[in-house]
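Below is one structure; the comments refer to it alone.
The values are calculated or read from the model by the stated rules, or taken from the named source; none is laboratory data. Bear in mind the structure is a predicted one, so any value in this text is a computation, not a measurement. When we count neighbours, we look across all protein chains shown, and the Cβ atoms used for this are built from the backbone with ideal geometry, even at glycine.
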Amino acid sequence: MLGFLTARQAGLDDPLRLRRAEATRRVLCLKLNPDRDVDRIHGNGINTIDIEAVEGRYMLSGGADGVIVIYDLENFSGKLQYTCKAVCTVGRSSRYVHKFSVETVQWYPYDTGMFVSSSFDKTMKVWDTETLKPAEVFEFEDNVYNHHLSPIARKHGLIAVGTKNPKVQLCDLKSGSRIQVLQGHRAEVLSVRWSPRYEYILATASADSKVKVWDVRRASGSLFTLDQHNGDKSKASAEAVNTAHNGRVNGLCFTGDGLYLLTTGTDDRMRLWNSATGENTLVNYGKVCNESRKRLQFTVSRGCSPEFVFVPCGSSVAVYALHTGELVTMLRGHYNNVDCCEFHPDYQELYSGGKDCNILAWVPVLRAADVEEESNRENKGATGQSTVNPAFQDAWSSDED
């Protein structure tokens with residue numbers, strides 16, 4: 001790292017490479033932080049969390065108890081040890097609280113003054129953050145598993161909604177009504193995700209083992225359906241043609257640049273797809289334990305080289321190298337199954353929530369021995385390499401070339 005700093009100071013190196021190297025090193029050093037707690041508010045398991053992208057300061061959580069909590073992640077105490085306080089709560093005493101389990105919470109991408117929640121009470125609510133009252137309520141005929149707002153859309157205000165009904169619902173924030181239905185799945189839609197690259201591209205995952213990619217401007221159906229066998233019918237059984245997994249597909253996540261799509265299924269597999277062509281890249285992540293019957297919220301790092309995937313796996317969070325499938329580490333600290341995790345790209349921190357009602361903060365911790373070892377290596381001329389995980393030395397080197 002000292003070599004990167006020296007080269008940057010002398011104007012010999014691109015500052016982006018320094019940023020990537022430091023971001024990668026921080027992710028490889030993630031540990032459970034004993035000095036940081038998050039207020040324990042939920043009386044039941046935590047299904048979903050989201051960190052707003054405007055300031056990177058506030059975090060939402062939704063639980064199986066129907067409660068929604070907003071936390072302030074900033075430390076203004078001046079002390080090393082502190083607790084991320086709950087600044088406001090939509091609790092059981094509120095007349096507007098969801099009657100059943102909250103499955104998804106999401107900040108409005110451009111403003112912290114609004115957020116959206118959806119629940120098994122068959123409603124999706126658009127909240128005014130200041131008053132903690134719903135500005136709009138969308139009612140459905142079935143349980144809502146997941147919803148998603150596009151992080152980049154400027155020309156539309158559509159919210160994609162996956163319910164127990166196989167039809168994907170598109171709700172318009174501007175008009176407050178459901179304006180479109182996407183038909184193609186044959187079972188409940190467990191996860192929906194807008195592309196972070198193209199504002200009209202949407203991916204949907206279902207219990208019918210299929211993942212479909214849509215251009216919502218087209219009325220003729222989906223663009224394509226992901227096929228784990230890449231069209232090789234000799235490898236697929238008659239009932240497994242054009243399936244992404246051999247089980248329920250309950251997790252979707254685009255990479256930060258939108259070029260790749262990750263899926264998880266109850267067949268204990270995770271797959272990486274080219275989002276433009278729908279091709280299975282055949283990266284082998286091994287067995288990725290997945291016992292959830294509902295949506296599984298996992299996340300991808302941003303700004304690293306290589307990038308990493310954080311996936312709930314039992315009572316741990318598994319960290320994989322995105323393009324090689326290598327299991328880097330297991331983050332252990334929860335007492336029960338982990339249901340959701342969210343990556344904070346500004347500080348390379350990870351937050352995870354689970355059935356133990358806890359939200360844990362995983363932060364970069366570089367040990368004194370690692371610092372000394374890196375310093376010695378820098379003095380020998382081996383600059384810009386991670387001291388944490390020797391398995392990634394080649395990846396660091398290739399990034400520098």
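For the reader, a short list of remarks on this structure follows.
- Candidates Glu130, Glu141, Glu136 - the one that is at negative phi and surrounded by 14 or more Cβ atoms within 10 Å (Cβ to Cβ): Glu136
Every residue, every condition in (1) within 22 Å of Leu252 (Cα to Cα); (2) surrounded by fewer than 21 Cβ atoms within 10 Å (Cβ to Cβ); (3) not aromatic (Phe, Trp, Tyr), yes or no:
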{"residue": "Ile46", "(1), (2), (3)": "yes, no, yes"}
{"residue": "Ile49", "(1), (2), (3)": "yes, no, yes"}
{"residue": "Glu52", "(1), (2), (3)": "yes, no, yes"}
{"residue": "Gly56", "(1), (2), (3)": "no, yes, yes"}
{"residue": "Tyr71", "(1), (2), (3)": "no, no, no"}
{"residue": "Asn75", "(1), (2), (3)": "no, yes, yes"}
{"residue": "Ser93", "(1), (2), (3)": "no, yes, yes"}
{"residue": "Trp107", "(1), (2), (3)": "yes, no, no"}
{"residue": "Phe115", "(1), (2), (3)": "yes, no, no"}
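- Selection count where residues are free of Cβ contacts under 8 Å to residues at least 40 places away in the same chain, closer than 22 Å to Asp257 by Cα and part of a loop (DSSP other than H, G, I, E, B), scope the range 183-222: 1
- Qualifying residue in the range 170-187 (condition: within 24 Å of Asn284 (Cβ to Cβ) and more than 25 Å from the chain's Cα centre (by Cα)): no
- From the list Thr204, Thr225, the one residue that fits, being of a type in the set (Val, Ile, Thr) and out of contact with any Ser or Thr (no Cβ under 8 Å at 6 or more places or on another chain), is Thr225.
Each row is one residue, and each column tells you yes or no for (1) closer than 21 Å to Pro345 by Cβ; (2) of a type in the set (Val, Ile, Thr); (3) in a strand (DSSP E or B); (4) at pLDDT 95 or above.
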{"residue": "Tyr285", "(1), (2), (3), (4)": "no, no, no, yes"}
{"residue": "Cys289", "(1), (2), (3), (4)": "no, no, no, no"}
{"residue": "Lys294", "(1), (2), (3), (4)": "no, no, no, no"}
{"residue": "Gly303", "(1), (2), (3), (4)": "yes, no, no, no"}
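- Looking only at the range 260-284, and only at residues there that are under 18 Å from Asp232 (Cβ atoms) and aliphatic (A, V, I, L, M), the one that is surrounded by the fewest Cβ atoms within 10 Å (Cβ to Cβ): Leu282
- Close contacts from the range 333-360, counting a first residue that is more than 19 Å from Val27 (Cα to Cα) and in contact (Cβ under 8 Å) with a residue 40 or more places away in the chain and a second that is charged (D, E, K, R) and crowded, with 23+ Cβ neighbours inside 10 Å, with Cβ to Cβ under 6 Å and a gap of 6+ residues or different chains, come to Gly354/Asp339.
- Only one of Val365, Val371 that is at pLDDT below 90, closer than 24 Å to Ala53 by Cα and surrounded by fewer than 21 Cβ atoms within 10 Å (Cβ to Cβ): Val365
- Thr324 being more than 23 Å from Val38 (Cα to Cα), assigned to a loop (DSSP other than H, G, I, E, B) and at pLDDT 95 or above: yes
- Candidate set from the range 157-182 (those that are in contact with a strand residue (DSSP E or B) (Cβ under 8 Å, 6 or more places away or on another chain) and in a loop (DSSP other than H, G, I, E, B)); member that is nearest to Thr255 (Cα to Cα): Gly157
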